[in-house]
Each structure stands twice: as C-alpha cells, then as structure tokens.
Amino acid sequence: MIETLFDDFFRDQKYGPRNGFEPREFQVSALLDCIEFMKTPRVMNSGRRVAWIFNGGTGAGKTKLSALIASHAYNIGEAEQIVVVVPNKTILRKTRSDFLKFFGIDLVHFNKKKHGDGLPRMQQGYILTYSALLGDPTLHRRLCSFTKTLVIFDEIHHLGDDPGSMWGAKAIEAFGEAAHIIGLTGTPYRADNSFIPFVEYFPTERSGLMRFKANKTYTLGEAVADGYCRKPKFPLHYGEVKIRNGDEWKIISFHDSVSEDMEKERLRGAVVFGATTRKDMLRRALEQCRLEKRKVIIFLGGDTDGDTTPTNDATNYLPSELVELGYGSDDYEVVTGDDPTAQKRIEEFPKHPTKWILISIQMVSEGTDIPPLSAAIFLTSITAKQTTIQRIGRVLRMMENDPHTDALIFMFADPNLKQLAREIEDEVEHEVNLKKRREREGNGEGGTNKPKRKTEAIGIGDAPLDCVITSLKSGKVVEFNGAEITEVMSRLKEAGQPCNYECAISFLLGRKGEL
C-alpha cells in the first residue's frame, strides 16, 4: 500500500527521486505523515507556526527525506519556493548537491547582493547558513511572505545558539509567515534550554531538561538494526590522575567515586597534554585502529588553559606525542577552525593515500560527511550530551561494502560519558534484538530493511491492530488491544487532537505511566 502511494506521488512528476536514489521505507512513512500535517497547518497560542519535526540519528537520511518532502510539495503546488537553512558551508554544498542530483531541485546559494530583488526564474529556491540568516532577516521575510514557501531548518536546534545574537528571533522575523516549516534534528533538546521557535516542548525525566516534540522519529538503534549506520562500541579507558588539593597531591582513579567537581578535575587532568593517561589511551586506541585499518578522528578542545590552548595542542603538542608513539606527518592531518585551508583538507582526507588520523578543533561535528572515519578518540573535557552525540555521529555513517560494521568510540570512563555510552548501547541493543525477534516470529522479511516502531502488531482488517510494546522507561512489556486503541483514537479526534495510531499508543503509555 505504501509503495503504491509513493509511486503515485512521483509518477510523471518533474521533481522527485532519480539517479539511483531509492527512498528507505521510514522516509516514505515520514513523507506520508508530513503530507497529512501540511493539510492542516498548526499554530501555537502565540499565533506562531508549528513546524513538522523529524528526529533522526546520524546517517539515517534526514537531508534526503526533506528533499523528498520538498519535491512532493513543489509538484502539487503546496510550495512555490523552497528555502533550506543549514549550519555551515560544508553542509550547504553537500545539501545543495543532493537536492539537485537526486531530486532535480536547484537551490541557488543565496547572496544578498545578487538576490536581494528575487531569485533566478529557473531555480526552485535558495539555501543559506544560519549565520547568513542573521544579516538581513527582513529581506528573507520579503522574499517569502508573498510566495508560498516551504522552509527547511537542518539541525533546527541551532536556532537556540548564542542568545546574544537572537538567532531564534531572527528566524521568526525572516520566516514567521512561511506557508510550511520543517525542522530536522538528531538531538531534539538543548542542555541550556534556550528558546527554539516553531517547536513544541515537553519535560523529560532529567531535571530541567526540555525536549521538543518530534512528529516522526527514527532512532540510531533503528538505523543500526536496518544496516544504515555502524554499531557504536565504547572502549572506555580508566587509569589514574594526579590532582593537587591545596598543598597536597592526590591520586584518583576513574574507578573511584568522587564529587562532581572532582570528576571534572579528573577528566581535565586525564586529557591535558603531558598526562600519562592521555598518552596511554592514545597508544592503545591508535594501535587498535592501525591493526584494524580504520581511519580515526581525534577530538580536542575545552580542556586546556594558558599557553596550552586547544589549537596549540592540535598543531604542536599532540603531533609531538604522535611522533613519540611512532606516527609521522604522513599519518595525520590537523584541521582547526581558524585555518582557512581546513575545509579543503577535510574534503581531501578520505581519499588521502597515507593519512588515517584526523585531528579536529571545532571543525568536524554535525553534518560533516566523512564515511571512511570509523573510530573516534575523545581527548576533551567537554561532556555535554548534545555535543558528544554529534561528534559520535561523525563515525557512524556506513559506506557501500563497508569493511567496518561497527564504530569504536574511545573515551575516558567519566561518569557522564559512561552514562551516555550505556544509553546509546541499550537503545541499539533493544532495536537489534527487536528486529531479530520479529524475523523469528515471521513479522519481518529477513534481509530487508523495514521501517519499525517499537511495537509488534497482530491483526487484520481496517481496525487498529493489537499492540505489544516494550516500554523504554521501565523495560516492561505493555499490551493494548485494538478496541482500546480505537476508543482512544475516537476520543482524541473528538477533542480536536492528532488521532493517528502512534498518538493513541503514546496516550495509552502515558496513562500507564510508561512515558
């Protein structure tokens, strides 16, 4: 049924899949959900437009999903112009290329001087970075207010960046009148809870942390189970750190339970240049990567003071350690945010005949696509969940005929990092086991990539299926029958709320305290 609908959408249409691109089934499912969402655009109490949000793990295919939606919207006249806002120029070039190559949508790289009076007629919209948006939001408002525009925010959580520059307010000023808004993210929250426009929020179990609601989610665990992403593994490094406390020196192991302040000092002491623990982890991690013929990225930053800045560490100190360990300049590449040639060297790194170690300072994070990277070494005291997840994502993208189906994430055994590693491993294991069980029970088709909710359904006909679901909160198996689900869907419809199958399941889980 889904495949037939999809074929009908794009048969004999000008824009849509081409050049070998075959949508993944979760992308088709998400497209259908977004189409329904666009039929009745929602607004908040403030009158502000509510965006359709897709939350997907690295490598799941968020960009191509957004292009799929844009193609359909343009074909049926639901959009007369497409605008895409991305974090940086690297992602801009890749996104623009994918939209044109695989969907036929030509987005002009927006230039204020060239396009202030309008876009070339032969192009279907434009693309720009978040920083470029700050320049003149009123110009974008003028370009979009009188043309039916679909705006796509790639990594929409960036609209909460830098409260001093009011990115969110500028986005509202620029695109508040747009016909449709789509938000893509892999981290649907900000640890600082800074304001993000166009999204709705709900509280989490973590004190003070708010997540924004996603209309569709495709988790990292699902992407790994479906074979689209590498399975992350976390070799944690322990060891000891010597910390000065007043006039005394104290040796603390990563096995020791200490105060939160001492945890931070321990991690800083472990990753700083000259630390024995740092060199020991480098030695072990690089030996394993070399043995397994992996390309690896080393993340630095956020952990040094005074003369030993992160940039000095990347350009001088860490290279000297690598030389001591037997690695020369033919083995590694260094890229820092203040180097104008860094982007070019990032693009050349995957094909370099000898270099397999990439040292990064504020350059390779979200959206940067280097599939040959299959390992990461964290020599940083930054433990923020959002930043760490984005960095882990750099080594999870699968290649065709990939020799590495897993990714190695080398970290110190800091409690925050250990907790994040456990969460990721548990999610992946849950989805992998769920897929295996489905295949054993005959609900899957072994070897095919199927879109999956965290449910198992049994039933036939037009009525909602019975549902057996494993709660991610408690780990319990919860069952709902079709009649119960039907009743909830009817009640949600009467209340004017979204009333699809997933909404009913979420309502029932909430009633049982399992959300």
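The values are calculated or read from the model by the stated rules, or taken from the named source; none is laboratory data. Every value quoted in this text rests on a predicted model; they were computed, and no experiment measured them. When we count neighbours, we look across all protein chains shown, and the Cβ atoms used for this are built from the backbone with ideal geometry, even at glycine.
Only residues that are polar (S, T, N, Q) and at pLDDT below 90: list them for the stretch 118-135, please.
Gln123, Ser131
Just to be sure before I move on: is Gly77 more than 17 Å from Glu155 (Cα to Cα) and of a type in the set (Gly, Ala, Ser) in the structure I sent?
Answer is yes for this residue.
Count, please, the residues in the stretch 377-392 that happen to be within 12 Å of Phe299 (Cβ to Cβ) and within 12 Å of the chain's Cα centre (by Cα).
Going through the stretch 377-392 one residue at a time, the tally reaches 5.
Among the candidates Ile152, Ile172, single out the residue that is surrounded by 24 or more Cβ atoms within 10 Å (Cβ to Cβ), among the aliphatic types (A, V, I, L, M) and either at pLDDT 80 or above or not assigned by TED's automatic domain parsing to the domain that holds Arg294 (or both).
Ile152
Might you let me know whether the stretch 225-235 holds any residue that is surrounded by fewer than 18 Cβ atoms within 10 Å (Cβ to Cβ) and among the aliphatic types (A, V, I, L, M)?
Scanning the stretch 225-235 turns up no residue that is surrounded by fewer than 18 Cβ atoms within 10 Å (Cβ to Cβ) and among the aliphatic types (A, V, I, L, M).
Go through Asn55, Asn19, Asn111, Asn75 for me and flag whichever is surrounded by fewer than 16 Cβ atoms within 10 Å (Cβ to Cβ) and touching a residue at least 60 places away in the same chain (Cβ under 8 Å).
Asn19
Would you check if Ile297 is within 20 Å of Ile409 (Cα to Cα) and assigned to a strand (DSSP E or B)?
yes
Mind listing whichever residues of the stretch 114-148 are within 24 Å of Asp12 (Cα to Cα) and either touching a strand residue (DSSP E or B) at 6+ places or on another chain (Cβ under 9 Å) or surrounded by 14 or more Cβ atoms within 10 Å (Cβ to Cβ) (or both)?
Within the stretch 114-148, Gln123, Gln124, Gly125, Lys148 meet the criteria.
Suppose the filter is at pLDDT 95 or above and surrounded by fewer than 22 Cβ atoms within 10 Å (Cβ to Cβ); does Leu100 pass it?
Yes.
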